[in-house]
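Colleague: Quick one: this structure, given as structure tokens, is what I'll be asking you about.
The values are calculated or read from the model by the stated rules, or taken from the named source; none is laboratory data. All values reported here derive from a predicted model rather than from experimental measurement. Reconstructed Cβ throughout: ideal geometry from the backbone, glycine too, with neighbour counts over all protein chains shown.
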Amino acid sequence: MDDKHLYSNFDYNSALSVKEGIKQPDQVNNTYLERLRAKRHQEPTVEELVNGIIHGERTLLSRAITLVESSLFSHQHKAQKVIERCLPYSGKSVRLGITGVPGAGKSTVIEALGKHLTGHGHKVAVLAIDPSSERSKGSILGDKTRMEELSVDPNAFIRPSPSAGSLGGVARKTREIITLCEASGFDVVIVETVGVGQSEVAAHSMVDFFLLLQLANTGDELQGIKRGIMEMADMIAINKCELDPERSELAAAQYRNALHLFPMPESGRTVEVTLCSAYTKQGIPELWNKVMEYVAFTKQNGFFYHKRQQQLIRILDESIENGLRERFYNTPGIDNQINNLRQEILDNRISPYTAAEQLLNNVATHDLG
């Protein structure tokens, strides 16, 4: 028997029936909800973004960073206006770069250091450069999940960004993001890179202090010493020293001996080697003290300001190179020219060098057929 016949003889006037109650008004005004939805979908203006960033509004800071990372021309144009308006409020932080071999504990050290700093009244921004997916080119977002305590700290801001194959695993827009974070009141900006390599010069070119994390229990410690990364490091920290204190001390001694073979750094300060443990927090306060000692020393001898000036010149040079590359590939008709010359190269009718020179000359004279 279906429900229709089951309730056909039911007496709705009986005490067992449920009478329809009085319709209650909505708890939230529908007009307000519609305005709120419209506001969420509405793009904030440059003025709104700048004011929000200066007053420490995390949502508007995140939206501005999203504009910076966007590849759309309209977003880039708007992002540059925001950055220019934020420049007078930037430059007052300590920029710390942290790199190390995979498994060295970069994220754990950053969390321990970040919690130490926020506990002493600092505002910390962490730009965790995540490895990009080869398929989607998106960020794996693993670092933010590993920094569980720091990610919920009200005085910390963690922004994972996909490396997108950029040099040294450092996102192309990291420098602009640093400017936005500084304008938002963060006095310590930590940049974490993917791994160690010669290309880590990209990270070195945007920070004041470059920390290299190493491990002791990895076999021959000296095997991991690469001249390029060693010359860039302002300090070397042997992490996870609680696992084997004796081996950690031995590794530190080996690194100190190796550093004597290198010339004095341009900063004029000897590269120090220290031990730390992100797990037990051993050496974390001392690590930050060493950073501040370095900053004070380099400010006194002028290297701190000289390095930041050189970084600005580097940004100019890189921006010119990137701009020329983008304009070249966006030139109308260039795709056909490139495809035709590629086929001529494969047919051994022209050398790659001559083809490249021909393309550049054609773009310069706008002769693309």
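Colleague: Does Gln254 meet the test of being assigned to a helix (DSSP H, G or I), of a type outside the set (D, E, K, R), surrounded by 13 or more Cβ atoms within 10 Å (Cβ to Cβ) and not assigned by TED's automatic domain parsing to the domain that holds Met147? Talk me through it step by step, then tell me what you get.
Modeller: Details: assigned to a helix (DSSP H, G or I): yes; of a type outside the set (D, E, K, R): yes; surrounded by 13 or more Cβ atoms within 10 Å (Cβ to Cβ): yes; not assigned by TED's automatic domain parsing to the domain that holds Met147: no.
Taking the combined requirement at face value, the residue does not satisfy it.
Colleague: Further question on the same structure: Evaluate the following for Ala79: is it modelled with pLDDT under 95, assigned to a helix (DSSP H, G or I) and loosely packed, with under 10 Cβ neighbours inside 10 Å?
Modeller: Working: modelled with pLDDT under 95: yes; assigned to a helix (DSSP H, G or I): yes; loosely packed, with under 10 Cβ neighbours inside 10 Å: no.
Spelling it out, it is not the case that Ala79 is modelled with pLDDT under 95, assigned to a helix (DSSP H, G or I) and loosely packed, with under 10 Cβ neighbours inside 10 Å.
Colleague: Going through Glu293, Glu344 one at a time, which residue ends up being assigned by TED's automatic domain parsing to the domain that holds Cys276 and acidic (Asp, Glu)? Let's see the steps before the verdict.
Modeller: Numbers: Glu344 fails: assigned by TED's automatic domain parsing to the domain that holds Cys276.
Result of the check over Glu293, Glu344: Glu293.
Colleague: Hey, any hits in region 86-95 for a residue that's touching a Ser or Thr at 6+ places or on another chain (Cβ under 7 Å) and of a type in the set (S, T, N, Q)?
Modeller: First pass over region 86-95, keeping only residues touching a Ser or Thr at 6+ places or on another chain (Cβ under 7 Å): 86-87, 90.
Subsequent filtering for residues that are of a type in the set (S, T, N, Q) retains 90.
Yes: region 86-95 contains one or more residues that are touching a Ser or Thr at 6+ places or on another chain (Cβ under 7 Å) and of a type in the set (S, T, N, Q).
Colleague: Something else: Consider Lys240 carefully, then state whether it is of a type in the set (Lys, Arg) and in the same structural domain as Val109 (by TED's automatic domain parsing). Lay out the reasoning, then the answer.
Modeller: Values: of a type in the set (Lys, Arg): yes; in the same structural domain as Val109 (by TED's automatic domain parsing): yes.
Yes: the conditions hold for Lys240.
Colleague: If I filter region 323-369 down to residues being among the charged types (D, E, K, R) and in a helix (DSSP H, G or I), which single residue comes out as surrounded by the most Cβ atoms within 10 Å (Cβ to Cβ)? Before you say what the answer is, go through the steps one by one.
Modeller: Step one: list which residues in region 323-369 are among the charged types (D, E, K, R), which gives 325-327, 335, 342, 344, 347, 349, 357, 367.
After this cut, where a residue has to be in a helix (DSSP H, G or I) as well, the list is 325-327, 335, 342, 344, 357.
Details: Arg325: 10, Glu326: 11, Arg327: 11, Asp335: 11, Arg342: 13, Glu344: 16, Glu357: 11.
Filtering first and then ranking leaves Glu344.
Colleague: Where residues in region 277-287 are outside any strand (DSSP E or B) and over 13 Å from Glu111 (Cα atoms), which of them is nearest to the chain's Cα centre (by Cα)?
Modeller: Pass one, region 277-287, residues outside any strand (DSSP E or B): 278-281, 283-287.
Filter again for over 13 Å from Glu111 (Cα atoms), leaving 283, 286-287.
Details: Gly283: 25, Glu286: 25, Leu287: 22 Å.
Result: Leu287.
Colleague: Identify the single condition in (1) assigned to a helix (DSSP H, G or I); (2) out of contact with any strand residue (DSSP E or B) (no Cβ under 9 Å at 6 or more places or on another chain); (3) closer than 27 Å to His120 by Cα that Ile320 does not satisfy, given that it satisfies every other one.
Modeller: Answer for Ile320: the failing condition is (3).
Colleague: Of all residues in region 59-68, which are crowded, with 21+ Cβ neighbours inside 10 Å and not β-branched (Val, Ile, Thr)? First the steps, then the outcome.
Modeller: From region 59-68, those crowded, with 21+ Cβ neighbours inside 10 Å are 60-61, 64-65, 67-68; that's our starting set.
Hits for region 59-68 are Leu60, Leu61, Ala64, Leu67.
Colleague: Here's a follow-up. Tell me which residues, restricted to region 264-279, are within 15 Å of Leu211 (Cα to Cα) and either free of Cβ contacts under 8 Å to residues at least 12 places away in the same chain or out of contact with any strand residue (DSSP E or B) (no Cβ under 9 Å at 6 or more places or on another chain) (or both). Give the steps one after another, and end with the answer.
Modeller: From region 264-279, those within 15 Å of Leu211 (Cα to Cα) are 265, 267, 269-278; that's our starting set.
Selection gives Pro265, Ser267, Arg269, Thr270.
Colleague: Does any residue in region 53-68 that is on the phi > 0 side of the Ramachandran plot come within less than 7 Å, Cβ to Cβ, of a residue that is at pLDDT 90 or above and polar (S, T, N, Q) six or more places away or on a different chain, and which pairs are these?
Modeller: Gly56/Ser184
Colleague: Let me ask something else about it. As an exercise: evaluate Ile320 against (1) modelled with pLDDT under 95; (2) assigned by TED's automatic domain parsing to the domain that holds Ile236 and give the number of the one condition it does not meet.
Modeller: It is condition (2) that Ile320 fails.
Colleague: If you check Thr31 against the conditions, is it closer than 30 Å to Ala233 by Cα, among the hydroxyl-bearing types (Ser, Thr, Tyr) and at pLDDT below 90? Walk me through how you get there before you give the answer.
Modeller: Details: closer than 30 Å to Ala233 by Cα: no; among the hydroxyl-bearing types (Ser, Thr, Tyr): yes; at pLDDT below 90: yes.
So Thr31 does not fit the description; no.
Colleague: Scan the helices (runs of 4 or more DSSP H) fully inside region 91-153 and keep the ones with 1 or more residues being surrounded by fewer than 21 Cβ atoms within 10 Å (Cβ to Cβ) and at pLDDT 90 or above.
Modeller: Working: elements: 106-118, 142-146, 148-151.
Counting at least 1 such residues, we get 106-118.
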